[in-house]
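The values are calculated or read from the model by the stated rules, or taken from the named source; none is laboratory data. On a predicted model such as this, the values are computed, not experimentally measured, just so you know. Backbone-built Cβ (ideal geometry, glycine too); neighbour counts: all protein chains shown.
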Amino acid sequence: MRAQGIPTTSARGTPPGDAPFNSVWSTGFTYDHNNLAGFKLSTLLFSQEYEALFGATNSQSFQDTTIAPNKTLYDQSRAVSSKLGAKLALTRDDLLEDTLKVTAGFDVLLDKNKQDLYLTKRTYVPEIEYTNYSSFLQTEYALLDNVTLHAGVRHEIAKLKVDDYRTQSADANDAYDGVAVKGGTPKFNQTLYNVGIVYSPWEPLSLVHQLLGRVWYAGCRTCTARY
C-alpha cells in the first residue's frame, strides 16, 4: 500500500480481549553506615512485581480445537514475574595512603516468572524459579591522579527450576496435542574476573578500557550501582 501511495486507514471498533498494559511495582530499602570499624557499610533490600498483558491475536500457537474452531480462537499472552533480592557491601578507601579502594560483599536474587494465555487461562510458559547467590571482591588502585586500575573477582552459585509441561502450539499438520517438555533443576557455579583501566583526562569525562572479563552489576539487576 505504501508503494502505491495509499494511506493506511482505521475504523472505530472494539478489539477482542482486554486492553494491553504494563505494570511494574518496585520497592527498595537501603541502609548505609559510613564508619563501621573503618569501613563503609552499604545494604540494599529490594522487590519487584511485574505484569504485562499483550494484545489479542489468533496466533497459530494459541489455537485449540477443543475450545474453538481452528484459526478462530483469540487469546492474549501475559508475562508475570516476581523478584526479591538483597546486597551487602563493605568498602575501605583509605588503604596505601588513600590510593587503594577495596569493596567486598555478597548478593542474592530470587526470581520467579511465568507466561500464560490470559483469556483461556492456559499455561504458555511454566513457572521458572531462578536463585542466585554471589560473593564479590572489587579493587581500585590509583596509578596516577587521573588513571585508575580496576580488578575484581565474583563467584556465582545459581539454580534454575522448571516443571514438566506441555506446549500449546500445533504442528505442521495442525495436530493440536502440543509437545511434552521435560523440566529440570540445572545448577552452575562460576567464577568471573575483570581487569580494566579508567582514564579521566578531565571531569566528568572518563575513558574505560576493559582488559579482562566483564563488568557485573551486584545485587539488584535493575539498579545502576556497579561493582
*Those residues of segment 165-180 which are part of a strand (DSSP E or B) and either at pLDDT below 85 or of a type in the set (Lys, Arg) (or both), in sequence order*: Arg166, Ala180
_Residue list for segment 98-122, restricted to those being farther than 19 Å from Val153 by Cβ and in contact with a strand residue (DSSP E or B) (Cβ under 6 Å, 6 or more places away or on another chain)_ = Thr99, Leu110, Asp111, Lys112, Asn113, Lys114, Gln115, Asp116, Leu117, Tyr118, Leu119, Thr120
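Quick check on Gln60: is it polar (S, T, N, Q), loosely packed, with under 15 Cβ neighbours inside 10 Å and in contact (Cβ under 8 Å) with a residue 60 or more places away in the chain?
Numbers: polar (S, T, N, Q): yes; loosely packed, with under 15 Cβ neighbours inside 10 Å: yes; in contact (Cβ under 8 Å) with a residue 60 or more places away in the chain: yes.
Criteria met by Gln60.
Name the residues in segment 46-68 that are part of a loop (DSSP other than H, G, I, E, B) and either in contact with a His (Cβ under 9 Å, 6 or more places away or on another chain) or closer than 30 Å to Ser26 by Cβ (or both), would you?
Applying the first criterion (part of a loop (DSSP other than H, G, I, E, B)) to segment 46-68 yields 54-56, 58-59, 63-68.
Of everything in segment 46-68, those that are part of a loop (DSSP other than H, G, I, E, B) and either in contact with a His (Cβ under 9 Å, 6 or more places away or on another chain) or closer than 30 Å to Ser26 by Cβ (or both) turn out to be Phe54, Gly55, Ala56.
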*Asn132, sole failed condition from (1) more than 23 Å from the chain's Cα centre (by Cα); (2) in a strand (DSSP E or B); (3) not aromatic (Phe, Trp, Tyr)*: (1)
*asked:* Go through segment 109-124 and report how many residues are surrounded by fewer than 16 Cβ atoms within 10 Å (Cβ to Cβ) and of a type in the set (A, V, I, L, M, F, W, C).
replied: 1
*Residues that are over 29 Å from Ala86 (Cβ atoms) and either assigned to a strand (DSSP E or B) or without any contact (Cβ under 8 Å) to a residue 24 or more places away in the chain (or both), drawn from segment 20-42*: Phe21
